[in-house]
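The values are calculated or read from the model by the stated rules, or taken from the named source; none is laboratory data. These numbers were taken from a predicted model, which means no experiment stands behind them. In this analysis, Cβ positions are derived from the backbone assuming ideal geometry, glycine residues included, and neighbour counts consider all displayed protein chains. The accessibility values were calculated without ligands, DNA or RNA, using every heavy atom of the protein model including side chains. Shrake-Rupley method; radii C 1.70, N 1.55, O 1.52, S 1.80 Å.
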Amino acid sequence: MDSIKKSPKLFDQAIILRALVDTFVKLDPRWQIKNPVMFVVFLGAILTTATVIHELTGGKSDMFNIQITFWLWLTALFANFAEAVAEGRGKAQAESLRKMRTKTVARRFVNGQEEKISATELKVGDIVVCEANDVIPGDGEVIEGIASVDESAITGESAPVIRESGGDRNAVTSGTRVLSDKIIIRITSEPGNTFLDRMIALVEGAKRRKTPNEVALTILLGALTIIFLLVVVSLLPFDIYSEKAAGMMKSHSSLTLPVLVALLVCLAPTTIGGLLSAIGISGMDRLIRHNVLAVSGRAVEAAGDIDVLLLDKTGTITLGNRMAMEFVPAPEVTEERLADAAQLASLADETPEGRSIVVLAKRDFGLRGRNIKELGARFVPFSAQTQMSGVDIPAMDGRSARSIRKGSLEAIRAYLIANGAENQVSSMSMHVTQMIGTDIAWSGGTPLVVIENLEILGLIQLKDVVKGGIKERFEQLRAMGIRTVMITGDNQLTAASIAAEAGVDDFIAQATPETKLQRIREEQAQGRLIAMIGDGTNDAPALAQADVGVAMNTGTQAAREAGNMVDLDSNPTKLIEIVEIGKQLLMTRGALTTFSIANDVAKYFAILPALFATLYAVSGANGPLAALNIMKLASPQSAVLSAVIFNALIIIALIPLALRGIAYRPRGANAILLRNVMIYGIGGLIVPFLGIKVIDILVIALKLA
Amino acid sequence: MHLHEVVQIVLYLFFLLALTPVLGLFMAKVFNGGHTWLTPLLRPLEKAIYRLAGIDENTEMRWSTYVWALLIFNFIGFVVVFVMQMIQDKLPLNPQKLPGVSMVLAFNTAVSFMTNTNWQSYAGETSLSYFTQMLGLTVQNFLSAATGVAVLLALTRGLTRRSLQTIGNFWVDLVRTTLYVLLPLAFILAILLLGQGVVQTFSPSLHIQTLESHTQIIPLGPAASQIAIKQMGTNGGGFFNANSSYPLENPTPLSNFFQMLSLLLIPAALTYTYGIMVNSRRQGWVIFAAMMVLFLMGLMVSLWAEYGYNPVTGIAGSMEGKEVRFGVTNSVLWATATTAASNGSVNAMHDSLSPLAGLVAMFNIMLGEVIFGGVGAGLYGMLIFVIITVFIAGLMVGRTPEYLGKKIEAFEVKMSMLAVIAPSLVILVFSAIACVTDAGLSSLGNKGPHGLSEILYAFSSAGGNNGSAFAGLNANTTFYNIMLGIAMLIGRFAVIVPVLAIAGSMANKKNAPFSAGTFQTDNATFVVLLVAIVIIVGGLTFFPALSLGPIVEHLLMLAGHVF
């Protein structure tokens, strides 16, 4: 997908540079306090710094304490950096969007007079006109005209799109450019609150609020930090008691303030604490790279919880256009005659459906397309009233006049009655039943009746073509526990057939906006979370009701307002990717939390034997608790230092994972859980043992302790 | 270990496992208001109680009302026992003519029995009259256990209800539990124990002339009735000071077996009851399995430590501090069960356990009394860990965490962590205070790391509402009576209130239906995760303190060093 290419790489140089600056800006205590875990690190670093300064002014300089202090600050900075990098990607994107918001001149109509004002002075309800090459000054609806519009600035898609009054494609976005024709627009949003403005705010993360799950996780991490604070605070009296019991002198105590702070910082879940907001931001960022804008992180999180997807048949499950599959002639009519008539009636029909009839006739009977003009024919286009199309060919060269019509069963019936051919109606019904029974409808086709001069020639079987690979996609979704419900305006039989072919779990036939809304409410009442995608005004209530409502960018302003996401590509299949991104976000959070907590086991085995190395020593240097030094770290100082260094470096090491999200495959919950527990749970137990040992070897080699 | 000792353990586990569904099913019927064989007998009595107390058994309470009812009821229980002790010299049934108890000790004891802790700073036979024991302590033994069950029932309802405000009626839960479960079970056990020779009399202590012409005092009293509920209700407060190591409280191997079995019986059976009430027996068995795994892990470490070679004494399988009638295995099994179950009764002195066995006993309590745990309390405590496990591990399947279809959100996490932090705070901070104050140190019976173990054990026992003592520590001082009293209050109510808050918030939520994408909480994987979270959270919290107590003591012992 080219939209991914245009967005910045995981580590862009410019982003890194900007993030480095932000890293230090974020040391502001007002910023730090938002994250309780990192705030404890921040305070700890200040405390040890004070200790070091106190020592230095007292003429002592303890390289160990200085190093601990240095690494504590780095821990705080690394967490800041993670957040800054995550934000930086959005900021870069926001900047390019902001460039579009140059000073636009609006041509406003006042009492029929056109006047030029700045776009920033526009009010809701103003009427403006835009012609070729004009930049649309504000969000609005086309109330008159049709135009091709270049929306690449927002969507990244270079092909122009059509915007026209009425219907579901009347929404225009400020900052996009009219390429041809002229449209009159009614402004629907205040300047400063346009879609573009909101988009900038979103990608920039300016209004970022913690999502519900993030809040809950922050509480858990904060509570764990409180527990570890209790552990460290109570350790000092226990140590005092033990040293007295062991008959040691006070000066021997290895429990200095920097060491205690180091212990606290190592135990506190700094890995997840430092990466938590980066994970959240990058989730939004991944959506943006898929050209989807979410109004809030809450929506992204909800996407992971989705139980039911409501998918429109057309465009999502099927290719969007029905294709002619077969000619079924009436008795005493040859198939070739039917094909000929059908092709003639479709020659001027530029719809994919019409074209497919021409192609089928050519393929099966070698019938060439003929020039309608030469025949002097008059094309009768499809209209909403008649529900049919056709062609009238005047009598010429000895041939009698032909009037061919094709349309649905109901439309042709009405046409026959209107033209006084009631007798044909009953025979048509009979023919149709005879010819196809209910076969065509059952196999997912819709019959199109062809008549010539009020005589029934037969049927054309039209069929929806299900997209390749969609069935497998639905199977994956089912494995993930997500049910898919197909929505279609087709009748029950047709819908059932396509549903079976595509492998959806359920379908709603002859769907209306009301039935959609009804279905969403029913599912929600049973505790399920629903996602749907829609574009038209009539989708707005359902989009608003759904837990995740994705509006297509080509859709109406009403739909875009109602949903909590907008798909800039207007690709209905996107819903599946949105769900996957939501799941990946939650999984990444869980995995790093597990990893962070599991890490503590190794840190205890590094720091505790170091703290109490000489306690209860009978003879020689080492006390009995040195037995806990199972990593055989070189010295108490090197052990504490190695643990602190590991604790800091692991944050940096995991930034790419936090930004990218952990590997995700659509599977059942049990399989996913097992895999993640193995990698992040068991891995989280083992990795720090190895890491701390390696760092200890380096620390000794570099003579740092 | 001998074969017959292994057989005893296997028999014990077998009976526990076999009785769990039997009693569990019975309790589920009772709590759901169903008909049992006791109904014809007890239903009129139950109705009479409601009528007398003016309770409408069909009116349900919101969680806040439930909390208030519980707190007020417990407070009244506290006041009654508190006053009764101080004026016992003016009350009947005091053949020993014991004086009234001091205020500080009375406070400690009243709190202790109200909170189902049964920490005993007093010595039963020399401090409390039969009247106080029977009408004060034994009554509280029933009511504190019933309170625990009530909280569990409220939480269970919270987890199963959909979009409701109420979580049941505290008075009904209390009355049903006492009447249909605790009284009949205690009655059966009391009869069984009487048959084995546990004493039940109003006679004063016997003064006997021994063969060496010394006078020996043999304490007596109405013990069997109190001991039955002491074991059944995970109370643990012995009638006599020596608890179940005293021959008249626990005379025979069979009585020992009955008492050990009844230690874990109700807490284990409640997991089955829970399974029925949440409409998935598997959910109940999963929790049972996690508890059993933790229990067996502790038991094995303890047995290994006790039967291991001790380089200081030069023997393996030390009998010091253990009752000769029962031997090492039964002592270790009892010690593990009583600390797992928040019971606290003993048949051997925990002070004399080898360091690692002592560590297991202490760690069982520190984990929050969730390995079967107290009656009701153990299961609701474990459910807190279930919520935390679901929250951490559940995220890893890519959904916001949910348990039994209920979303776990900020409020539940906050309350769960509160319930975990409160006892930890008590154990660590109060022990720390005792470690650096003269008042705390002067009670110590041992030096070196064992002294620290004694302090840690005392506050763990109080904070975890266990009630067993490491002995060696003279707890009947103003400092310890008050500190331990406060510890017991925090350990009990700082858990109960958050649990009921969770019940209320859960009841109000919708139930998401189960799908293939849901994090499963009824399989072996979840048992492993739950066990891991319990051990890791407990381990991370207490490992440093334990390393300075029993761990270093063990290492010193291996080096042949004692204090």
| query | Can you name the condition, by its number, that A:Q93 falls short on among (1) touching a residue at least 24 places away in the same chain (Cβ under 8 Å); (2) under 27 Å from A:L20 (Cβ atoms); (3) more than 34 Å from the chain's Cα centre (by Cα)? | reply | (3)
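For segment A:32-50, what are the residues that are in contact (Cβ under 8 Å) with a residue 24 or more places away in the chain and open to solvent by 30 Å² or more (accessible area, probe 1.4 Å)? Reasoning before the result, please.
Residues of segment A:32-50 that are in contact (Cβ under 8 Å) with a residue 24 or more places away in the chain, as a first pass: A:32, A:35-38, A:40-42, A:44-45, A:47-49.
Across segment A:32-50, the qualifying residues are A:N35, A:P36, A:V40, A:L47, A:T49.
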| query | Residues in segment B:128-173 that are farther than 18 Å from B:G33 by Cα, more than 24 Å from the chain's Cα centre (by Cα) and surrounded by fewer than 24 Cβ atoms within 10 Å (Cβ to Cβ): how many? | reply | 5
| Within segment B:375-393, can you find the residues that are facing chain A (nearest Cβ under 7 Å) and not aliphatic (A, V, I, L, M)? | B:F391
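Collect the residues in segment B:539-562 that are at the interface with chain A (Cβ under 7 Å from one of its Cβ atoms) and open to solvent by 30 Å² or more (accessible area, probe 1.4 Å), keeping them in residue-number order.
To start, the set of residues in segment B:539-562 that are at the interface with chain A (Cβ under 7 Å from one of its Cβ atoms) comprises B:540-541, B:543-545, B:547-548, B:552, B:555-556, B:559, B:561.
The answer is B:F543, B:L555, B:A559, B:H561.
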| field | Hits in segment A:341-360 - residues which are outside any helix (DSSP H, G or I) and touching a strand residue (DSSP E or B) at 6+ places or on another chain (Cβ under 8 Å) | value | A:L347, A:A348, A:D349, A:T351
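Only helices (runs of 4 or more DSSP H) wholly contained in segment B:399-444 count here; list those with 2 or more residues that are at pLDDT below 95 and either among the basic types (K, R) or over 23 Å from B:R492 (Cα atoms) (or both). Break it down into steps so the answer makes sense when it comes.
Values: elements: B:410-425, B:431-436, B:438-441.
The qualifying helices (runs of 4 or more DSSP H) are B:431-436, B:438-441.
Yes or no: B:G504 outside any helix (DSSP H, G or I) and either open to solvent by less than 10 Å² (accessible area, probe 1.4 Å) or more than 8 Å from chain A (Cβ to nearest Cβ) (or both)?
Details: outside any helix (DSSP H, G or I): no; either open to solvent by less than 10 Å² (accessible area, probe 1.4 Å) or more than 8 Å from chain A (Cβ to nearest Cβ) (or both): yes.
So B:G504 fails the test.
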| message | Can you confirm whether B:G472 is outside any helix (DSSP H, G or I), within 14 Å of chain A (Cβ to nearest Cβ), among the small types (G, A, S) and in contact (Cβ under 8 Å) with a residue 40 or more places away in the chain? | response | no
| task | Count, please, the residues in segment A:549-591 that happen to be among the basic types (K, R), more than 14 Å from chain B (Cβ to nearest Cβ) and within 13 Å of the chain's Cα centre (by Cα). | result | 1
| note | (1) within 30 Å of the chain's Cα centre (by Cα); (2) more than 20 Å from A:G683 (Cα to Cα); (3) within 14 Å of chain B (Cβ to nearest Cβ) all hold for A:I597 apart from (2)
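Mind telling me which of the residues A:L615, A:L659, A:L641, A:L608 ends up being outside any helix (DSSP H, G or I) and open to solvent by less than 30 Å² (accessible area, probe 1.4 Å)? It would help to see each step written out before you state the result.
Values: A:L659 fails: outside any helix (DSSP H, G or I); A:L641 fails: outside any helix (DSSP H, G or I); A:L608 fails: outside any helix (DSSP H, G or I).
Result of the check over A:L615, A:L659, A:L641, A:L608: A:L615.
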| Members of segment A:625-638 that are facing another protein chain (nearest Cβ under 10 Å) and either among the aromatic types (F, W, Y) or surrounded by fewer than 24 Cβ atoms within 10 Å (Cβ to Cβ) (or both) | A:A626, A:A627, A:L628
| message | For B:F15, only one of the following conditions fails: (1) of a type outside the set (S, T, N, Q); (2) open to solvent by 40 Å² or more (accessible area, probe 1.4 Å); (3) farther than 30 Å from B:E306 by Cβ; (4) in contact (Cβ under 8 Å) with a residue 24 or more places away in the chain. What is its number? | response | (3)
| field | Matching residues, segment A:51-84, being among the acidic types (D, E), assigned to a helix (DSSP H, G or I) and surrounded by fewer than 24 Cβ atoms within 10 Å (Cβ to Cβ) | value | A:E55
| task | Inspect all residues belonging to segment B:351-374 and state whether any of them is within 13 Å of another protein chain (Cβ to nearest Cβ) and part of a loop (DSSP other than H, G, I, E, B). | result | yes
| request: Could you list all residues from segment B:246-282 that are open to solvent by 20 Å² or more (accessible area, probe 1.4 Å), in a helix (DSSP H, G or I) and either in contact with a strand residue (DSSP E or B) (Cβ under 8 Å, 6 or more places away or on another chain) or over 27 Å from B:V328 (Cβ atoms) (or both)? | output: B:Y272, B:I276, B:M277, B:R281, B:R282
| request: Search segment A:340-368 for residues that are open to solvent by 50 Å² or more (accessible area, probe 1.4 Å) and pair each with any residue that is part of a helix (DSSP H, G or I) when their beta-carbon atoms are under 7 Å apart and the residues are at least 6 apart or on different chains. | output: A:D364/A:A339; A:F365/A:E336; A:F365/A:A339; A:R368/A:K362
| message | Being aliphatic (A, V, I, L, M), more than 9 Å from chain A (Cβ to nearest Cβ) and closer than 23 Å to B:L546 by Cα is the filter here; which residues of segment B:394-443 pass it? | response | B:A419, B:A422, B:V426, B:A439
| query | Somewhere in segment B:441-449, is a residue open to solvent by 10 Å² or more (accessible area, probe 1.4 Å) and either of a type in the set (D, E, K, R) or in contact with a strand residue (DSSP E or B) (Cβ under 9 Å, 6 or more places away or on another chain) (or both)? | reply | yes
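Here is a list: A:D490, A:D569. Which entry is crowded, with 22+ Cβ neighbours inside 10 Å and part of a loop (DSSP other than H, G, I, E, B)? Please lay out each step first, then the result.
On the way: A:D569 fails: crowded, with 22+ Cβ neighbours inside 10 Å.
The unique qualifying residue is A:D490.
Which one of B:I490, B:I536 is free of Cβ contacts under 8 Å to residues at least 24 places away in the same chain and either within 13 Å of chain A (Cβ to nearest Cβ) or of a type outside the set (G, A, S) (or both)?
Numbers: B:I490 fails: free of Cβ contacts under 8 Å to residues at least 24 places away in the same chain.
Being free of Cβ contacts under 8 Å to residues at least 24 places away in the same chain and either within 13 Å of chain A (Cβ to nearest Cβ) or of a type outside the set (G, A, S) (or both) holds for just one of B:I490, B:I536, which is B:I536.
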| For segment A:289-308, what are the residues that are among the small types (G, A, S), more than 14 Å from A:K574 (Cα to Cα) and away from chain B (no Cβ under 11 Å)? | A:S296, A:G297, A:A299
| Whichever residue in segment A:85-131 is closer than 30 Å to A:L654 by Cα and modelled with pLDDT of 80 or more and, among such residues, is most open to solvent (accessible area, probe 1.4 Å) | A:E87
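With respect to B:P449, determine if the residue is assigned to a helix (DSSP H, G or I), more than 19 Å from the chain's Cα centre (by Cα) and touching a residue at least 60 places away in the same chain (Cβ under 8 Å).
Details: assigned to a helix (DSSP H, G or I): yes; more than 19 Å from the chain's Cα centre (by Cα): yes; touching a residue at least 60 places away in the same chain (Cβ under 8 Å): yes.
Yes.
Hey, which of the strands (runs of 3 or more DSSP E) in segment A:290-340, taking only ones fully inside, have at least 3 residues that are more than 17 Å from A:M565 (Cα to Cα) and under 26 Å from the mean Cα position of the chain (by Cα)?
Working: elements: A:292-294, A:308-312, A:318-329.
In segment A:290-340, the matching strands (runs of 3 or more DSSP E) lie at A:318-329.
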| said: Any residue that is facing chain A (nearest Cβ under 9 Å), of a type in the set (A, V, I, L, M, F, W, C), in a helix (DSSP H, G or I) and open to solvent by 10 Å² or more (accessible area, probe 1.4 Å) - is there at least one of those in segment B:508-528? | reply: yes
| message | Among the residues in segment B:318-337, are any more than 14 Å from chain A (Cβ to nearest Cβ), surrounded by fewer than 24 Cβ atoms within 10 Å (Cβ to Cβ), part of a helix (DSSP H, G or I) and touching a strand residue (DSSP E or B) at 6+ places or on another chain (Cβ under 7 Å)? | response | yes
